[in-house]
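Participant: After the structure tokens below, expect a handful of questions from me.
The values are calculated or read from the model by the stated rules, or taken from the named source; none is laboratory data. The structure displayed is predicted, hence computed values, not measured ones. FYI the Cβ positions are ideal-geometry reconstructions off the backbone, even for glycines, and counts take in every protein chain you see.
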Amino acid sequence: MRLTLFTDYSMRVLLVLATRTGSLVTISDLADVYGISQAHLMKVTHALGKSGWVDTVRGRNGGMRLAIDPAKLNLGTIIRQLETDFALVDCFGENDRCVLTGGCELAAVLARAMQAFLQELDRFSLADIANASPALMTLPLPQMITWHARIKPPSIEVTPETAHALLAGRRPKPVRRSAKAASHSSK
């Protein structure tokens, strides 16, 4: 399963907003810090505003802020609402043309895997993720960090190498934490 870029960008926006609850964050600031086009972020912001999770303020001094306590915003709920297609294989979709439908163990295994994936996401709130993401505190944004609990390091430092190891069922090699990440986790 791969999340869409729309969901990825939405999560990045929500994570920033979870740590800067006292001020409005602009699309321009987020586009600059993340290297994402403003047009993409406008679509994301519009959807997040419609969801009720984000308040948007128009105008010259406008921006956006989180409308809900990040501790009450569940990660599984966010992903389920933002993702448009959880059909991992043809038989999960509306236009199923697979002749094995109804008699294939692969579909059953994949359905259980999807359920496990979503159940893992259900264990965490936006606040949980923000509090375990010290890199959020280092983003060069003009808005002050106004909300966070005690910062703790991520449960695993994910790089392309560690992600491949996890997907291959291997335990990733311990990754040396960068000096920047280590200094934030000790604060």
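Participant: Spot the failing condition for Ile145; the list is (1) at pLDDT below 75; (2) among the β-branched types (Val, Ile, Thr); (3) assigned to a loop (DSSP other than H, G, I, E, B), and only one is missed.
Facilitator: Only one criterion is unmet by Ile145, namely (1).
Participant: Does the stretch 1-53 hold any residues that are among the hydroxyl-bearing types (Ser, Thr, Tyr), more than 16 Å from Thr84 (Cβ to Cβ) and assigned to a helix (DSSP H, G or I), and which are they? Can you show your working first?
Facilitator: Step one: filter the stretch 1-53 for residues among the hydroxyl-bearing types (Ser, Thr, Tyr), giving 4, 7, 9-10, 19, 21, 23, 26, 28, 34, 37, 45, 51.
The next check asks that each one be more than 16 Å from Thr84 (Cβ to Cβ); those that pass are 19, 21, 23, 26, 28, 34, 37, 45.
If the condition is that a residue be among the hydroxyl-bearing types (Ser, Thr, Tyr), more than 16 Å from Thr84 (Cβ to Cβ) and assigned to a helix (DSSP H, G or I), then Thr19, Ser28, Tyr34, Thr45 are the ones that fit.
Participant: Are any residues in the stretch 56-106 surrounded by 16 or more Cβ atoms within 10 Å (Cβ to Cβ) and at pLDDT below 80, and if so, which ones?
Facilitator: Within the stretch 56-106, Leu88, Cys91, Phe92 meet the criteria.
Participant: Can you find a residue in the stretch 118-131 that is at pLDDT 85 or above, in contact with a Phe, Trp or Tyr (Cβ under 7 Å, 6 or more places away or on another chain) and over 27 Å from Asp29 (Cβ atoms)? Spell out how you get there, then give the answer.
Facilitator: Our first condition is that a residue be at pLDDT 85 or above; within the stretch 118-131, this holds for 118-131.
Of the ones still in play, those that are also in contact with a Phe, Trp or Tyr (Cβ under 7 Å, 6 or more places away or on another chain) are none.
No; the residues of the stretch 118-131 include none that is at pLDDT 85 or above, in contact with a Phe, Trp or Tyr (Cβ under 7 Å, 6 or more places away or on another chain) and over 27 Å from Asp29 (Cβ atoms).
Participant: Determine which member of the set Arg20, Arg12 is at pLDDT below 95, closer than 20 Å to Ala127 by Cβ and out of contact with any strand residue (DSSP E or B) (no Cβ under 7 Å at 6 or more places or on another chain).
Facilitator: Of the residues listed, the single one that is at pLDDT below 95, closer than 20 Å to Ala127 by Cβ and out of contact with any strand residue (DSSP E or B) (no Cβ under 7 Å at 6 or more places or on another chain) is Arg20.
Participant: For the stretch 45-55, name all the residues that are closer than 16 Å to Ala18 by Cα and either of a type in the set (A, V, I, L, M, F, W, C) or surrounded by 12 or more Cβ atoms within 10 Å (Cβ to Cβ) (or both). Full working, then the answer.
Facilitator: If we filter the stretch 45-55 for residues that are closer than 16 Å to Ala18 by Cα, which is where we start, we get 45, 48-49, 51-55.
Of everything in the stretch 45-55, those that are closer than 16 Å to Ala18 by Cα and either of a type in the set (A, V, I, L, M, F, W, C) or surrounded by 12 or more Cβ atoms within 10 Å (Cβ to Cβ) (or both) turn out to be Thr45, Leu48, Gly49, Ser51, Trp53, Val54, Asp55.
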